[in-house]
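Heads up, the thing below is written out as structure tokens.
The values are calculated or read from the model by the stated rules, or taken from the named source; none is laboratory data. Being a predicted model, the structure only gives us computed values, none of them experimental. Here the Cβ positions follow ideal geometry from the backbone for every residue, glycine too, while neighbour counts run over all protein chains shown. Remember, those area values only see protein heavy atoms, side chains included, never the ligands or the DNA or RNA. Shrake-Rupley method; radii C 1.70, N 1.55, O 1.52, S 1.80 Å.
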Amino acid sequence: MTGWEKVGALTALYVIGALWANWLMVRRVRGAVAARAVWTAADFDACFPELDPRVAPAVRDALAPLYGVGVEPRPEDTLRRFLKLDRGEVEDVALDAAARLGLFREVEREALLVADLPDVAALVRYLGERVRQS
């Protein structure tokens, strides 16, 4: 086998491997999109029956810009790993949801200090507790 034949064979193997890896990734993404397609806003709201019924929709609306059109948040979505939010961005989302709930006026916005929340469910429960206290 000459040098060029080896280069051709290795290139062919590389291309086949890259196509195979891309196909696996496409299949995973399609599966994730299909799983998310059946999840609705009503499903999200139903996960928090013990809270004020205004809280889950307010958080869902505050998170809507972070998700694509037609994609609803899930309670287990992590704020740092899945949504790639830092603490300041989590506080901004919490402030937006709190404003939608009418928890405080503009001058009191600094009153909301968000603890280190792991996921969307923790954010909903945190704001639900704040609504219960007010």
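Some points to look at:
- Each of (1) 59, 29, 24; (2) 81, 26, 23; (3) 80, 30, 21 is a candidate for Cα extents along the principal axes in Å; the one calculated from this structure is (3).
- What you get for the chain, charging only the Cβ of Lys and Arg (+1) and of Asp and Glu (-1), is a dipole of about 560 debye around the Cα centre.
- To put it simply, the accessible area of the chain at a 1.4 Å probe is 62 percent carbon and sulfur.
- Entry comment: accessible area of the chain is 66 Å² per residue, from protein heavy atoms only and a probe of 1.4 Å.
- For the pair Glu129 and Ala46, label points projected 7 Å from Cα toward Cβ lie 2.7 nm apart.
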